[in-house]
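**Student:** One structure, pasted below without further comment.
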Amino acid sequence: MHRKVLAAVGAIAVALPVANAAAAVKKKVATVTKTVTGPQMIADRWGYVEVALTVKKTTTTVGTHKTVKRKITNVTVPVYPNHTDRSVFINQQAIPLLTHEVLTTTQFNPNIELVGGATATSYAFQESLQKAILLAKKI
Amino acid sequence: MHRVEHIMGMPIVVAARGGDVPDEVFDWFRHVDEMFSTFKEESEVSRVRRGELALEDASLKVQHVFARCEELRTETHGFFDVEAVGFDPSGFVKGWSVDEATAILDRAGVEEYAINAGGDIRVRGHWTIGIQHPRDANAIAKVVEGSDLAVATSGAYERGEHVRDPHTGAAPDGILSVTVTGPDLGTADAYATAAFAMGARRAPGWTARLRGYEAMTILADGRVLSTPGFPSA
């Protein structure tokens, strides 16, 4: 069933030219943001799932030519299966909800007051940087 | 002011804004080390592990720690398991001892402070925290900021894998680190350890389901997956 939900998500992102007509002069842009909730669907043996999307709709009118663009700005899952052996399902469903970025090295930022890291990591670095930060605050 | 002492095999930094760090904080960490160290033969935990002291005869704090570890084993589907590592609660004790230390600072009237115990942090008041880069020990991968927050990270980093999947004994695959934020450092640390042990395939999905805690998972392919409420600066 979740294939259907994903297909619907894909379709909303497509720009839909609604009407077109004669040459235009005036341009008007209107935006509306709405949250839509899908029906509760049964996901095989896992249980019910409900997906809510926040959609920003931008309507651009140039003369009589109207263009409507819809963009998904948020996806939430208010109802999801509560199954003891749910990890496979969760993995398929939850990853799209996470923010995806590419790992980068951040320039050392003078606002940083503390440095966190894995337990087994180099304490020497953490300690030294931590001390440097605390000293820098006194300058 | 700030103070640093080496206790429980790690540097513990306590920083207080506009006030002193009371001695009692470090007395507490030394007391925890006496009770919980697995390196000290006469610690309560060592006696419990050798079977010389029944858990029900141990101090209430030791009983509480083992009880919470058992709850965390269930919450993490067995990925945080102190029994798998020879009944060693050290992975929880560090964060828990920091959580308990906040009561000492609160009682002393310190309004804004930070405790950094070997890279796991708990703050009161608003603080900006750099998370060490998993591939470059001298760099920062992410900056987080927040108030009254715990921040715990589990990862392999340059010392090699030290967290293993308790079910298989294998080192986690395809994952560099997991950082968990939330109200309680003991819990955040256990969640980070568990998620890291799950590996790249299961960890991100599992973190997306945590209640009251947010997470950032850094994968070996360079992807960084964060839950929607992760407090990135």
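**Student:** May I ask you to evaluate 6.51 cos²θ - 1.76 cosθ + 1.60, the Karplus curve with θ = phi - 60°, for each residue of region A:26-31 and list the ³J(HN,Hα) values in order in whole Hz, giving x for glycine and proline?
**Tutor:** My calculation for region A:26-31 gives 7, 10, 10, 10, 10, 10 Hz in order.
**Student:** For chain B, what does -39500 (n - 2.57) per DSSP helix run (n ≥ 4), summed and divided by total residues, give at 222 nm, in deg cm²/dmol to the nearest 500? Spell out each step's value before the answer.
**Tutor:** Details: 6 runs with 73 residues, N = 233.
After summing the helix terms and dividing by residue count, I get -10000 deg cm²/dmol.
**Student:** Ok, one more. Per 5 Å bin, what percent of the C-alpha pairs of region B:169-212 does each bin hold, from zero upward?
**Tutor:** Result returned by the calculation: 5, 25, 34, 21, 11, 3, 0.
**Student:** For a 23 Å ceiling on Cα separation, which of these pairs sit above it: A:26/A:69; B:40/B:61; B:61/B:94; A:69/B:142; A:27/A:71; A:26/A:57? Write out the running numbers ahead of the final one.
**Tutor:** Working: A:26/A:69 18 Å; B:40/B:61 17 Å; B:61/B:94 13 Å; A:69/B:142 34 Å; A:27/A:71 20 Å; A:26/A:57 20 Å.
Beyond 23 Å between Cα atoms: A:69/B:142.
**Student:** Now for a different question. Take the alpha carbon atoms of chain B, find their radius of gyration, then divide it by 2.2 N^0.38 Å using N residues; give the quotient.
**Tutor:** On the way: Rg = 17.3 Å, N = 233, 2.2 N^0.38 = 17.5 Å.
For chain B, the normalised Cα radius of gyration is 0.99.
Every number here is computed from the coordinates shown, using simple stated rules; none is lab data. Values in this document were obtained by computation on a predicted structure and should not be read as measured data.
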